[in-house]
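Okay, so here's the structure we're looking at.
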Amino acid sequence: MKKVSHIYDDERRDKEELLAVSCHVALTGDHWTSVSNHNYLGVTAHLIDSEWKLKSFALTVRKTVTRHYADACAEQFDAVTKEWQIEKKVTTIGTDSARNMVAAARQLPFEHVPCAAHILQRTITVSLEESSFDTALAKCRKIVFKHSPASTEELHQQQTALGQAREPLAQDVSTRWNSTLSMISRYLRNQEAVNATLAQQRHNLATLTNLECEKLQKLEVVLEPCKYVTELLGGDSYVSCSVVLPAICHLNRVMEPTDEDPGYMIKFKTAFLKDLDARKANINIRWLKVATALDPRFKDLKSLHKNERDEVWTWIEEMLRQSEAGLAPPQPTEDEPAAKKSFLLLCSSDSDSDKEELGPLARYKAEPCIRMHECPLEWWAAHAGAYGQLSSLARKYLATPATSVPCERLFSLAGNIIQKKRAALHSDNVNKLVCLSNWLKKT
């Protein structure tokens with residue numbers, strides 16, 4: 001481990017230098033339990049550097065010995081910021097919506113941005129529970145041959161005979177995002193091969209009726225945009241925070257019941273819209289609104305109601321005024337109630353500013369929105385000099401991740417490192433190995 005320690009120290013110095021020259025740093029954090037039943041806290045950092053490049057990297061995967069009560073979680077996060085000397089630079093922390101994490105975030109001096117992907121997946125779960133898909137999904141789960149090598153091989157033979165690609169069926173897992181969609185899609189794609197396989201076996205498994213297959217086909221159509229949005233928001237190599245509200249706007253349109261929808265789809269869509277609207281109030285809506293306005297793709301704020309747009313610009317104007325007066329820009333403190341490129345296009349348009357104003361904010365509002373495939377950070381790199389403090393706000397807000405997925409990816413690395421044969425690894429070595437895996441992967 002001596003060589004690993006030397007490499008870790010060198011790489012860590014690079015990260016410390018990057019953090020030292022950065023004014024704003026966003027964090028994500030989560031807890032994880034290893035195969036040896038040890039608890040670890042993972043924390044990642046996210047910032048926009050002087051060249052307007054988004055940087056995301058691990059800070060720590062440290063072993064914890066106390067229970068995950070809110071006070072202990074808050075102390076752990078605070079200790080990490082002090083260790084890296086960024087306690088006065090942290091703007092937001094992204095976590096899941098677990099009660100202890102939410103309560104811990106309230107004790108910290110920076111903003112809490114709950115994971116948008118967790119919220120969306122919870123909405124899907126609730127909507128499925130309140131709709132009429134139980135029977136069809138239960139049949140699917142029983143049919144899946146995941147734990148039967150013989151049945152899986154028979155399925156592959158039937159797939160080959162039908163000229164289809166050989167692929168296993170997928171089982172949905174409550175903790176695995178989009179797994180219900182994966183199960184449905186695999187089953188529908190291989191329905192003929194599955195039925196042929198079951199016909200050769202002495203199982204009493206009931207196959208899906210035509211009506212149940214039709215139900216799953218319609219469910220598949222509305223779950224696809226949810227999967228796309230979840231994956232889009234979970235990225236850490238591009239700006240994601242400003243995409244949350246346009247993505248929710250898109251999903252609201254997708255889930256709007258139509259006259260052609262059967263009753264079970266109306267029930268699902270209605271439950272989805274109701275639950276998502278209720279959860280939207282808890283996602284730090286004010287921070288997301290400002291981030292959306294500072295993204296040149298979405299600054300027309302078409303994802304917001306018209307009566308909400310002026311208020312967002314008023315917030316930004318006030319932050320600029322205080323910043324120019326030499327004061328720290330106020331942090332948004334109140335949550336206010338209130339999809340790939342194809343859905344983003346629905347939210348785009350030229351700025352509809354209808355009056356001439358003076359100053360950088362007015363000029364920014366008058367600029368045309370850039371195209372959805374263009375990078376907002378490249379736009380700001382080219383225009384930062386013309387917008388002064390407004391560009392500083394953009395650097396601050398656009399660095400915040402939309403989800404805590406970056407931290408969960410860190411635990412995927414940790415799971416590959418702390419296997420049964422390495423269960424006795426010292427926690428310091430775990431931290432070095434996981435952080436190095438993350439750092440070197442991004443270079």
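In table form, for the structure just shown:
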{"read-out": "Cα-based Kirkwood hydrodynamic radius, the range 115-271, one decimal, Å", "value": "17.0"}
{"read-out": "Percent antiparallel among DSSP beta bridges (both partners in the chain, rounded to 5)", "value": "70"}
{"read-out": "Charge context of THR403, other residues only, Cβ under 11 angstrom, K/R +1, D/E -1", "value": "-4"}
{"read-out": "Residue-count net charge about TRP177 - beta-carbon cut-off 14 Å; Lys, Arg +1, Asp, Glu -1", "value": "-1"}
{"read-out": "Cα shape, the chain, gyration tensor, a/c 1.5 rule", "value": "oblate"}
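We did not get these values from a lab; they are worked out from the coordinates using the rules stated. Note that this is a predicted model, so its numbers are computed, not measured. Cβ sites come from the backbone with ideal geometry, for glycine too, and all protein chains shown count toward neighbours.
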